[in-house]
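The block underneath contains the structure these notes are about, expressed in structure tokens.
Bear in mind that the values in this text are calculations on the coordinates, not laboratory data. Computed from a predicted model, the values in this text were never measured in an experiment. Because the Cβ atoms are built from the backbone with ideal geometry, glycine has one as well, and the counts that use them run over all protein chains shown.
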Amino acid sequence: MNLTPEIVINLAPIGISILALFVSAFSIGWNIYRDVVLKAHLKVRFSLSELHHPTFKNPITTLILAATNFGPGQIRCCMIQLLTAPLWRRILRCPKHAVMFHDHSNPLSGKLPVSLEVGETIDLLIPYTKDCFLSRKHTHIGISDSFGRTHWVPREDVSKAKREFKKDFEK
């Protein structure tokens, strides 16, 4: 097949149309990914910690639930979620959900709901008592956001706190 100038001129609009189709498909794919899939990521950690201050006679032991916004964009943290999901509940797909209201009267603790910009952190102090949520069978703790997602703490953080709780209160 000889490519004469007339054939090239007639095929040029088709080639440009195919290129425009690929650019448009990429553009719409990126917009869907950016607006639907790419939402802010929250990293949540949980620990048993001591608070020290010169005015305290003894350090105060407390549970700290910390969340950091890794972006992109702002995220609104709404509520502390609890989940009871031992192995048999996960297999049968029937976990039990619960909500925990943290201590709003503690001036050192952050307050929910809160909007976090990229890089900002909130630290929620949860009282460490014999009746705290660790005394129940909850296996997960996390923070829900305004997108309807719950960002769970790594399971090893909860397991470590439960082991310390058993040492301290189940004597």
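Remark: the chain carries a charge dipole of roughly 1040 debye about the Cα centre, counting +1 on each Lys and Arg Cβ and -1 on each Asp and Glu Cβ. With only the Cα atoms considered, the stretch 54-171 has a convex hull volume of 134 Å³ per residue. Taking GluC sites (Glu not before Pro) across the stretch 123-171, the ones in a DSSP loop with at most 15 further Cβ atoms lying within 10 angstrom of their Cβ are GLU170.
Full-extension gain between LYS96 and ASP35, please, as 0.36 nm times their residue separation minus the C-alpha to C-alpha distance. Taking 0.36 nm per residue and subtracting the Cα distance, the gain is 18.8 nm. For the stretch 83-156 versus the stretch 26-46, the inter-centroid distance based on Cα atoms is 23 Å. Between helix 155-169 and the chain there is an angle of about 0 degrees, using the helix long axis and the longest principal axis of the Cα atoms. Taking the C-alpha atoms only, the angle from helix 5-32 to the longest principal axis of the chain is near 10 degrees. Residue by residue, the stretch 131-148 carries 3J(HN,Hα) couplings of 9, 5, 4, 5, 6, 9, 8, 5, 9, 9, 9, x, 10, 8, 10, 6, 8, x Hz when phi is fed to the Karplus relation 6.51 cos²θ - 1.76 cosθ + 1.60 (θ = phi - 60°); x denotes Gly or Pro.
Across the stretch 90-171, Cα pairs under 8 Å and at least six residues apart give a relative contact order of 19 percent. Expressed in Å, the radius of gyration and Dmax of the Cα atoms of the stretch 5-73 are 28.4, 93.
When the chain is described by a simple charge dipole with +1 on each Lys and Arg Cβ and -1 on each Asp and Glu Cβ, the residue from ILE16, GLY148, LEU38 located farthest towards its positive end is GLY148. My understanding is that a pair violates if its Cα-Cα distance is over 22 Å; which of LYS57/LYS111; LYS96/LYS162; LYS43/LYS111 do that in this structure? Violating the 22 Å limit, Cα to Cα: LYS57/LYS111. Considering the zone a paramagnetic label at ASP103 would reach in this model (a point 7 Å from Cα along the Cα-to-Cβ line), which residues of the stretch 26-54 have amide N under 16 Å from it? Only 47-53 fall inside the zone, counting backbone N under 16 Å.
Highest mean first, the peptides 14-27, 137-150, 101-114, 119-132 sorted by other C-beta atoms within 10 Å per residue fall in the order 137-150, 119-132, 101-114, 14-27.
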